[in-house]
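Pasting a structure below so you can have a look.
FYI, it's all coordinate maths here, none of it is from the lab. Owing to the predicted nature of the structure, the values given are computational and were not obtained by experimental measurement. With ideal geometry, Cβ positions are generated from the backbone for all residues, glycine too; neighbour counts draw on all protein chains shown.
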Amino acid sequence: MVDTAALLAAYDEQMRMPPRTVPTGVTYEHDGPLLRIVGAHMGRIRAPRDVGVTGAALDRLIARQRDYFRARGQAVEWKLRAHDLPADLPERLVAAGFEPQQPSAVLLGLAEEVAAEVAAAPVLPEGVVVRQVSAAEDLRRIGDQQTEVWGFDCSWVAADLIARVSADPGQITVLVAEAGDRLACTAWAVRHTGTDFVALLGGTTLPEWRGRGLYRAMLAIRAREAVARGYRLLHVDASAHSAPILRRCGFRDITTSALYQWTPPE
């Protein structure tokens, strides 16, 4: 029987902050209990489960982040989990002009268990080849594929991947499933050095290729690699599309997460 409370405790202890290697062109700045991530396509705020301030002091802390990025003319997102404290933090973010986005299921899997569950991953469709990539040209193609699938500009994905590979290629594994000159599915894994965790990201499949085993095949490759590298846990902030697949592969729900975004007025 898996202790989901223990999984949540490990997540809170180890996965609140980004990996130690800072992507090229990005800086980490501390403001009290918060980590402010500067230099990406938008600002990001990461925090412990309990930010440790309430009331007017919390309002000032929130406003300081908003105003910092307002001065830069840049949007900012604050990542919040359902069990975060204080309990009125969501309402205070909204009062400061942050808008909640669609929540995601936070799923954790035991790497060895998931790898065993997907050991018999579906055979790839004829003509589809999976390969690991790191060249900037391939990473830009991933951004284009994500833009095509989601219907909005995801060029920032390519920039983020390029910055991560540049900073430490050993921290990240980027995979593409190619069908001719098309990227049918893309996914990557970011290893959090010094923790038990590998974060599984991307996982985007062209509509015409869904339901043909590509997502599960990418999951199998990343799970096996995590085990081989000595990582114990896998983490996904899962959409409504991917969550059911992940649950069938042994992942457990531990909480939900949502991004609260502030965008400067035009």
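Taking a temperature of 37 °C and a viscosity of 0.692 mPa s, what whole-number D in µm²/s does Stokes-Einstein yield for the range 108-255 with Rh from Kirkwood over alpha carbon pairs?
On the way: Rh = 15.4 Å.
Diffusion coefficient, whole number: 213 µm²/s.
Say the dipole of the range 5-145 comes from +1 at the beta carbon of Lys and Arg and -1 at that of Asp and Glu; which of Met42, Gly143, Tyr68 then lies farthest toward its positive end?
Tyr68
Tell me, what is the FRET efficiency for Val2 and Asp181 to the nearest 0.05, using R0 = 51 angstrom and their Cβ-Cβ distance as r? Don't skip to the end; give the middle numbers.
Values: r = 42 Å, r/R0 = 0.83.
Once the sixth-power term is evaluated, E becomes 0.75.
For the chain, what is the relative contact order in percent, using Cα pairs closer than 8 Å and at least 6 residues apart in sequence?
Details: 465 pairs, mean separation 76.3, N = 266.
Relative contact order, the chain: 29 percent.
Quick one: angle between helix 136-150 and the longest Cα principal axis of the chain, in degrees between 0 and 90, rounded to 10, please.
So the helix axis and the longest Cα principal axis differ by about 80 degrees.
Percent of Cα-Cα pairs more than 34 Å apart in the chain, please. Don't jump to the answer; show the numbers that get you there.
Working: 6243 of 35245 pairs.
Across the chain, Cα pairs with separations above 34 Å total 18 percent.
Compare the Cα positions of Thr263, Val198, Ala223 along the charge dipole of the range 163-266 (+1 at Cβ of Lys, Arg; -1 at Cβ of Asp, Glu; about the Cα centre) and return the one farthest towards the positive end.
Ala223
May I pose another question? What's the center-to-center distance, using Cα atoms, between the range 216-239 and the range 154-198 in Å?
One Cα centre to the other: 13 Å.
Just subtract the alpha-carbon distance of Val22 and Thr193 from 0.36 nm times their residue separation and send over the number in nm, one decimal. Please list the in-between numbers first.
Working: separation 171, 0.36 × 171 = 61.56 nm, distance 1.19 nm.
Result for the pair: 60.4 nm of gain on full extension.
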